[in-house]
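Participant: Please find one structure pasted underneath; my questions will follow.
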Amino acid sequence: MPSPVFSAAHTAAPAGLSLPQHTPLVAAVRDGLVESVHYGSALALAADGSVTASAGDPLAPFYPRSALKPLQAVAMVRAGLELPADLLALAAASHSGAAEHRDGALRILEVHGLAPTDLENSTDLPYGTAEREDWLRTGGSATRITQNCSGKHAAMVATCLINGWPVQGYLDPSHPLQQLVARTVTDLTGEEPAAVSTDGCGTPLFALTLGGMARAFGRIAQAAADDDGSPEAAVGLAMQQHSGMVAGDGRDVTALMRLLPGAVAKDGFEGVQLVGLPDGSAVAVKISDGGDRARMPATVRLLEALGVETEPLAGIATAPVLGGGHEVGRLLATDFLNDLSAPVNEAL
């Protein structure tokens, strides 16, 4: 079904628009009182693919946003893309825009005789706060290289060149590269997309379920643990070995992979978090209001359900609620794991 066309004139959701049945996942508690609540859906899959825990509406299609990048990177490696591990990690990144990230994107282009003008992603300032401020202090402006998806786009145009595909128009859903990505996404998730849209950077974006995305991340992490020489293993190992290229210093996804050896983690805009583990188990979170701060508390709670020792993650599992510059509360996961759902297991 085509997506409804939205404009400034719209004041309500279009008739018939389906709303996911999310549940409270994370609460901001100020001096013992719940001040705010983040709703969402969550899923933990065991190594055999069975559901260990679920909450909300894990079978509702959603857009994984940048959490799709590792899957897109697998597709490019399947198409013959060969990069050093640090640059392959950058191909799966939503980077902060530090010098190493910008230089890495340029290296991918230069090695293949390409230039920033070949990129078709949107322009933006560096995503990281410190990186953006540094860039602006030197007179920088929004560019395609500083945009957080530039590593992926540089890898995409390189993949086109390697295969003799047109570089211009590589974001078109009918382009051979995007057709390959679509097939790879279906293969890794085990499901057909419920809808197709366009991501913020311009790439085709597929609506999937938390179950499908968890399966894909479990496959990538297990392949990396087995080091089986597959494209999945190459991407997973690159992300683990160069987690700073996947996000950046001070970013919770980079911290998680450093603190939890063998994990493959990726976030996505609008409150999405995926983590695959070496045995093939995985967790997936979607925060309904897109609140970025709620991703990690819910994710760490799910990892506990899989028996992961999460004490090393304590620093990213919560955040202080401040009053007058002092901590007066915490951002905490709810008891959403009590919301177990047998029908979900049967559906997956």
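Participant: Does G290 qualify as being among the small types (G, A, S), surrounded by fewer than 24 Cβ atoms within 10 Å (Cβ to Cβ), in a loop (DSSP other than H, G, I, E, B) and out of contact with any Lys or Arg (no Cβ under 6 Å at 6 or more places or on another chain)?
Facilitator: Details: among the small types (G, A, S): yes; surrounded by fewer than 24 Cβ atoms within 10 Å (Cβ to Cβ): yes; in a loop (DSSP other than H, G, I, E, B): yes; out of contact with any Lys or Arg (no Cβ under 6 Å at 6 or more places or on another chain): yes.
Taking the combined requirement at face value, the residue satisfies it.
Participant: Here are V308, V272, V321: which of them is within 22 Å of A89 (Cα to Cα) and β-branched (V, I, T)? Give the derivation first.
Facilitator: Details: V308 fails: within 22 Å of A89 (Cα to Cα); V321 fails: within 22 Å of A89 (Cα to Cα).
Only one candidate qualifies: V272.
Participant: Can we say V328 is within 22 Å of S94 (Cα to Cα) and not in a loop (DSSP other than H, G, I, E, B)? Spell out the reasoning first.
Facilitator: Working: within 22 Å of S94 (Cα to Cα): no; not in a loop (DSSP other than H, G, I, E, B): yes.
Answer is no for this residue.
Participant: Determine whether segment 240-252 contains at least one residue that is in contact with a Leu (Cβ under 9 Å, 6 or more places away or on another chain), in a helix (DSSP H, G or I) and of a type in the set (V, I, T).
Facilitator: yes
Participant: Okay, next question. Which helices (runs of 4 or more DSSP H) sit wholly inside segment 56-170 and have at least 1 residues that are among the aliphatic types (A, V, I, L, M) and open to solvent by less than 40 Å² (accessible area, probe 1.4 Å)? Write out each step before concluding.
Facilitator: Values: elements: 69-78, 85-91, 99-111, 129-137, 150-163.
So the answer is 69-78, 85-91, 99-111, 150-163.
Participant: Restricting to segment 207-233, what's the tally of residues that are in contact (Cβ under 8 Å) with a residue 60 or more places away in the chain and open to solvent by less than 10 Å² (accessible area, probe 1.4 Å)?
Facilitator: Qualifying residue count for the region: 11.
Participant: What residue, of E270, E232, is on the phi > 0 side of the Ramachandran plot and modelled with pLDDT of 95 or more?
Facilitator: Numbers: E232 fails: on the phi > 0 side of the Ramachandran plot.
Only one candidate passes the filter, namely E270.
Participant: Residues being more than 23 Å from A282 (Cβ to Cβ), crowded, with 17+ Cβ neighbours inside 10 Å, touching a Phe, Trp or Tyr at 6+ places or on another chain (Cβ under 9 Å) and in contact (Cβ under 8 Å) with a residue 24 or more places away in the chain: count how many of those fall in segment 171-202.
Facilitator: 2
The values are calculated or read from the model by the stated rules, or taken from the named source; none is laboratory data. Here the structure is a predicted model, which means the values were calculated and not measured. Note: ideal-geometry Cβ built from the backbone for every residue, glycine included; neighbour counts use all protein chains shown. When the accessible area is computed, the model is the full protein with side chains, heavy atoms only, and any ligands, DNA or RNA have been set aside. Shrake-Rupley method; radii C 1.70, N 1.55, O 1.52, S 1.80 Å.
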